[in-house]
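Everything below concerns the one structure shown next.
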Amino acid sequence: MINKQVTDKQAIQNTLTPSDVDPSPNEKPIRDCSPGNSREFLGYGMGLRTDYYETILDELPEIDWFEVISENYMVKGGKALYYLDAIREHYPMVMHGVSLSIGGTDALDLDYLAQLKALTQRIEPRWVSDHLCWTGQGGHNLHDLMPLPYNREAISHVAQRVQQVQDFLGRQILLENVSSYVSYQHSEMSEWEFYTAVVEEADCLMLLDINNIYVSSRNHHFDVMDYINGVPAQRVQQFHLAGHEDNDDFVVDTHDHPVPDSVWALYQSALKRFGPVSTMIERDDRMPPFDELLGELNHARKIGQAVLGNAAKQ
Amino acid sequence: MSDHVVPSSAQSGPGKSGSPSLKDLQTDFKRYLMHKDGAISGHIVSTQALANNARLAIYSNAYYARLAESLEKDYVSISVLLGEDAFYSLSEQYTDTYPSTNPSLRWFGRHMVDFLTRTSPYNELPYLAELAVFEWTFITAFDAPDDNVATEHDAAQIQPEKWPNLKIKLHPSVHWFAYQWNILPLWQATNHNASDAIPVPTLLDGTEQCVVWRQRLTTQYRTLDHDEAILLSCVADGGDFSQMCEALVGLVDDPNQLPMRAASILKSWLVNDMISRLE
C-alpha cells in the first residue's frame with residue numbers, strides 16, 4: 001500500500017511544472033512578501049525522528065531545518081540529547097510540543113513549562129509551537145489532541161493562557177490546528193473563525209497543518225478553501241504536510257502514510273494564498289526509508305518553486 | 001457550522017444558555033474516555049455520515065490503543081510472552097488503574113512492577129514482575145543524566161596514601177537488581193524475535209543480580225558476582241575504598257587479597273564507564 005502511494009506521488013513529482021499550477025478563481029492573491037514582512041522563511045524541513053539520527057549525521061542531507069518534538073528531549077541525558085545537540089550543530093531547529101494543553105482547564109503545568117524553556121535555551125529554536133487543543137484534565141494526561149468548542153469562552157480562555165506562556169518563554173508561540181472527529185453542540189462559529197480569534201486575541205502565530213485541514217473538512221463537511229481563505233495570512237508561520245487514513249465515512253489523522261494527492265493539492269492552494277511559508281513533512285509512524293521522506297520533501301520544494309518562483313527559494 | 005446535522009435525541013444537549021462550561025465539557029469527555037461515562041454524547045453533534053457515539057468512539061479507541069502501544073514499547077518481553085490480545089487486555093487494566101499523570105509518555109509505564117505484583121492473574125506469574133523490573137531499569141539507564149566518566153588513567157594518578165579514603169561515585173545510569181527467575185534468557189529470546197526459542201520460565205537455584213548501565217550511548221547489562229554486588233551497594237551508600245575492602249571480609253579466602261579483589265572490581269567498573277568520579 002505504501003509503495004503504491006509512493007509511486008503515485010513520484011508520478012506527480014515527475015510531471016509537475018510551473019504551468020501546471022494555475023490559480024483558481026476562489027483563491028485570494030499571494031500575500032505581500034516584501035522585505036517589510038516579518039515572517040521568517042526557513043525553507044523545507046522535516047520532523048526529526050529517532051530512526052534517522054545516524055543517517056542525518058552521516059549524510060547531512062539537504063534539508064533546510066528540523067522540527068523536534070519537545071517532550072522527547074525533556075530527559076536528563078543519553079541518546080536523545082546527544083543526537084539533538086549533534087544535529088543542531090548542522091541545522092536550524094524549531095520546537096513542537098504535544099502536551100502544553102493550552103486549551104485545558106487545569107492550571108498550566110509550570111514544571112512542564114520550565115522544561116520547555118530549558119530546552120529552548122539549549123537548542124535556541126527559531127520558534128516554538130504546540131496545538132490548539134486540550135490534552136488533559138483533572139491531573140490526567142490523555143496524550144491526545146482533544147478538540148475545543150468554538151465559542152467565546154474558549155477563545156478568551158486560550159488567549160489568556162497563550163499570553164501566560166509567551167510571557168514565561170519570552171517569545172511568541174505558534175498554535176497548530178488539530179484534526180478533529182467531533183464538533184460540539186455549543187460551538188458558535190467555524191473552526192477557522194475560532195482559530196483566527198484565538199491567535200488575534202493572544203497575539204500569537206499559526207502553524208497550519210494542511211493535512212489536518214483536509215481531514216477535518218472531510219469529517220465536518222466544510223470547504224477547505226473557506227478555511228484557507230478564512231485565516232489571517234500575516235500570522236501563518238509554518239506548514240505541516242502529512243498523510244492520513246481514509247475510511248470513507250471519516251478520515252483519521254494518522255501521520256503514518258505518505259502525503260496524498262489531496263493534501264498536495266491543498267498545499268498548492270495554501271501557497272498561493274499565503275506565499276512562502278516554512279514547510280515540513282511530518283511523519284510519526286510506519287517510518288519509511290529516509291530517502292522516501294526526502295522525496296516527499298523535494299516534492300514540496302518543487303511545488304513551492306512552481307507556485308512562487310524565486311520567492312520560495314531559501 | 002457546515003455540518004449536516006441530524007435531528008435526533010442523541011444531540012439534544014442543553015441550549016446555548018445552558019451550555020456546559022469548558023471545564024465541565026472536558027471533565028465529561030475525560031470521563032467518557034476513562035470510564036465510558038456517556039454524559040458527553042449529548043454535547044456532540046451527529047451527522048448523516050457519522051453519529052455522535054461513533055465519532056466519540058474514535059477518541060476512546062485511540063486512547064487505549066495509544067497507551068497500550070507505549071506500554072508495548074516499554075515492555076517488549078511481557079508483550080511477547082503474553083501475546084497481543086492478552087497484553088492489550090493487560091494494558092487496558094493498567095491504564096484504568098494508573099491513568100497517565102505526566103505530560104510525557106516516557107513515564108506512563110512506571111507503575112508496571114506494582115501493577116504486576118498486585119494484580120491477578122499476573123501476580124501468579126512472578127517472572128512477569130521481574131521482567132518488568134529489568135525492562136524499566138533499561139529505560140531508566142537509557143536516559144539517565146549525563147555525567148563525567150572516570151578512567152583507569154584517573155585511578156593511576158591517585159597517590160597511594162589517598163586510596164583508603166577514596167570515594168567512588170557511580171555513573172547516574174548504573175542500576176542493579178536481584179531476581180529469582182530465568183529472566184535474562186527470557187528477555188534475550190523475546191527481544192530478538194526468536195519466539196520459537198523462548199525458554200520455559202523457570203525458578204533459578206538461587207537469587208541472582210544484574211547490573212544495567214549506559215556505556216557512551218549503548219545500554220549494557222550483565223550479571224553480578226556476589227561480592228561485586230556487595231561492593232556496588234557499599235559505594236552507593238557512600239563507602240570509601242577501605243570500606244569496600246571491609247565489605248569483602250569473609251568473601252575472600254586470603255585477607256591480604258582484599259585490596260586486590262576490590263581494586264580488580266573497581267578496574268572493571270572503570271573500563272566499562274560505570275564510574276563518574278574518584279575523589
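Listed values, structure above:
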read-out: Net length gained if the chain between B:Trp107 and B:Asn191 were fully extended (0.36 nm per residue, minus Cα distance); value: 28.1 nm
read-out: Extension reserve of the B:Ser268-B:Thr140 stretch, reckoned as 0.36 nm per residue once the Cα distance is removed; value: 43.9 nm
read-out: Pairwise FRET efficiency - A:Glu245 versus B:Ser21, Cβ, R0 = 35 Å, nearest 0.05; value: 0.55
read-out: Centroid-to-centroid separation of the range B:137-194 and the range B:218-239 [C-alpha atoms, Å]; value: 7
read-out: Cα centroid of the range A:221-258 to Cα centroid of the range B:48-66, whole Å; value: 19
read-out: Selected from B:Val113, A:Tyr53, B:Ile40, residue furthest toward positive end of dipole (the protein assembly as shown; charges at beta carbon); value: B:Ile40
read-out: Accessible-area order (highest first, 1.4 angstrom probe) of the listed residues A:Leu110, A:Leu207; value: A:Leu110, A:Leu207
read-out: Area buried, chain B against chain A - accessible surface, total, 1.4 angstrom probe, square angstrom; value: 4300
read-out: Under-30-angstrom lysine pairs by C-alpha in chain B, whenever the two are 8 or more apart or on separate chains; value: 8
read-out: Inter-label distance, nm, simple model (7 Å from Cα along the C-beta direction), B:Asp114/B:Tyr221; value: 2.2
read-out: Surrounding net charge for B:Val249, when Lys and Arg each add one and Asp and Glu each subtract one, Cβ distance under 12 Å; value: -3
read-out: Approximate spin-label separation B:Glu161-A:Ala265, in nm, with each point projected 7 Å along Cα-to-Cβ; value: 8.6
read-out: Computed FRET value (nearest 0.05) for B:Asn256 with B:Asp205, which takes r as the C-beta separation and R₀ as 35 Å; value: 0.65
read-out: Dipole of chain A [Lys/Arg +1, Asp/Glu -1 at C-beta], most positive-end residue of A:Trp134, A:Phe41, A:Met225; value: A:Phe41
read-out: Per-peptide average of other Cβ atoms within 10 Å, ordering A:286-299, B:20-33 highest first; value: B:20-33, A:286-299
read-out: Accessible area per residue, Å², the range A:38-313 with all protein chains present, probe 1.4 Å; value: 32
read-out: Listed peptides B:65-78, A:228-241 by packing density, highest first (mean Cβ within 10 Å); value: A:228-241, B:65-78
read-out: Peptide-level mean, for B:22-35, of C-beta atoms on other protein chains within 10 Å; value: 5
read-out: Listed peptides A:192-205, B:119-132 by packing density, highest first (mean Cβ within 10 Å); value: A:192-205, B:119-132
read-out: Average other protein chain Cβ within 10 Å of Cβ, residues A:94-100; value: 1
read-out: Average beta carbon contacts from partner chains per residue of B:95-105, 10 Å cutoff; value: 6
read-out: Surface accessible to a 1.4 Å probe, B:Leu166 within the full protein complex, Å²; value: 10
read-out: At least 15 Å along the helix axis (C-alpha) and Kyte average at least 0.0, DSSP helices within chain B; value: B:126-142, B:226-236, B:258-271
read-out: Virtual paramagnetic centre 7 Å along Cα→Cβ of B:Ile198, amide N under 20 Å, in the range B:62-89; value: B:68-89
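The values are calculated or read from the model by the stated rules, or taken from the named source; none is laboratory data. Being a predicted model, the structure only gives us computed values, none of them experimental. Glycine gets a Cβ as well: all are built from the backbone with ideal geometry, and neighbour counts include every protein chain shown. Protein only, heavy atoms only, side chains kept; ligands, DNA and RNA dropped before computing areas. Shrake-Rupley method; radii C 1.70, N 1.55, O 1.52, S 1.80 Å.
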